[in-house]
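Colleague: Please read through the structure below; I'll follow up with questions.
The values are calculated or read from the model by the stated rules, or taken from the named source; none is laboratory data. Please read these numbers as outputs of a predicted model, since none were measured by experiment. Don't worry about glycine lacking a Cβ; one is built from the backbone with ideal geometry, like all the others, and counts go over all protein chains shown. SASA here: full protein model, heavy atoms, side chains in, ligands and nucleic acids out. Shrake-Rupley method; radii C 1.70, N 1.55, O 1.52, S 1.80 Å.
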Amino acid sequence: MAFLSCLAWLYVAGRLWQDAQTRMILSGLLEKSSGNLPKVLSVEDKLRNLGCIGIGRKIAEAEMDLTKAKNEGYLWGNGTATGSSDKKKLLAVIGVYTGFGSRLKRNTFRGSWMPRGDALKKLEEKGVVIRFVIGRSANRGDSLDRNIDDENRRTKDFLILESHEEAAEELPSKVKFFFSAAIEAWDAEFYVKVDDNINLDLAGLIEMLEARRSSQGLYMGCMKSGGVVSEEGQQWYEPEWWKFGDSKTASLQSYAHDDISVGSWMMGLNTTYVDDDRLCCGSSRQEKVCSHA
């Protein structure tokens, strides 16, 4: 019995020793691997992580929007402007809207405030580009298109919008194509839109723009105040008048009039509005830089 008791004691002692060794090994492994285990996140940590995920998602969406905008022509591509970063920035690109039936008006402008030939080239060397802006005929390649091409070969003062169909009801679309094409072709401080029923005091306009050179995000013009015209048949009637006054205007939505469209686009940008009555062509101010033709 004593012998058997001794064996039982040795067996129990051995098992206890093995258990102790096992616990020591497991404890060591846990200590080594504890640094790799995920820590318990606080509420603040979880919110912080969710915020990073949200920001990452917004960045990805913005990159997609930028890619889409570049593909649609709203951002610079591989045109003259991007390849001429070493050149001095132009002061202004002035686009004079014109149509197929406005040849006499164009000739009148060329003989008055708008330089032509070598004088136009010298003006460009000084930093001001002027172009008549026109789209293409609905019947591509017809006599309307050929006449414009012939006139442009002689005068070299057109910006032809190949992707735009020239029509009175397409003026809001025309302004998008104009700004896109102008930015693609020239790097300038200002991009100016002028209707073909306006005479410019070119020297006065240049002086005005020079005074604001290097200003960021300016939207200058003769600003109209008051409600959007909602009565059909009235001048400047806007069929989608009900969309104004809320966040829906912060997009490249085109409206019935090109000036309304541009004004609505500026609402979505960090733009500084400059209401300068020198740009009010119908005003009686002597210092105005434009007048109705």
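Colleague: In segment 271-290, what residues are surrounded by fewer than 13 Cβ atoms within 10 Å (Cβ to Cβ) and in contact (Cβ under 8 Å) with a residue 60 or more places away in the chain?
Modeller: Passing the criteria: only Glu287.
Colleague: Looking at segment 172-192, can you tell me whether even one residue there is closer than 22 Å to Lys105 by Cα, of a type in the set (Asp, Glu) and either at pLDDT 95 or above or out of contact with any Pro (no Cβ under 7 Å at 6 or more places or on another chain) (or both)?
Modeller: So far as segment 172-192 goes, no, none of its residues is closer than 22 Å to Lys105 by Cα, of a type in the set (Asp, Glu) and either at pLDDT 95 or above or out of contact with any Pro (no Cβ under 7 Å at 6 or more places or on another chain) (or both).
Colleague: Going through segment 100-117 one residue at a time, which ones are open to solvent by 80 Å² or more (accessible area, probe 1.4 Å) and either touching a residue at least 12 places away in the same chain (Cβ under 8 Å) or touching a strand residue (DSSP E or B) at 6+ places or on another chain (Cβ under 7 Å) (or both)?
Modeller: Scanning segment 100-117 gives Arg103, Lys105, Thr108, Arg116.
Colleague: Tell me, please, whether a residue that is surrounded by fewer than 20 Cβ atoms within 10 Å (Cβ to Cβ) and free of Cβ contacts under 8 Å to residues at least 40 places away in the same chain can be found in segment 176-190.
Modeller: yes
Colleague: Output the residues belonging to segment 101-120 that are part of a loop (DSSP other than H, G, I, E, B) and among the polar types (S, T, N, Q).
Modeller: Across segment 101-120, the qualifying residues are Ser102, Ser112.
Colleague: Could you go through segment 151-159 and let me know if any residue there is in contact with an Asp or Glu (Cβ under 6 Å, 6 or more places away or on another chain) and outside any loop (DSSP other than H, G, I, E, B).
Modeller: No, segment 151-159 contains no residue that is in contact with an Asp or Glu (Cβ under 6 Å, 6 or more places away or on another chain) and outside any loop (DSSP other than H, G, I, E, B).
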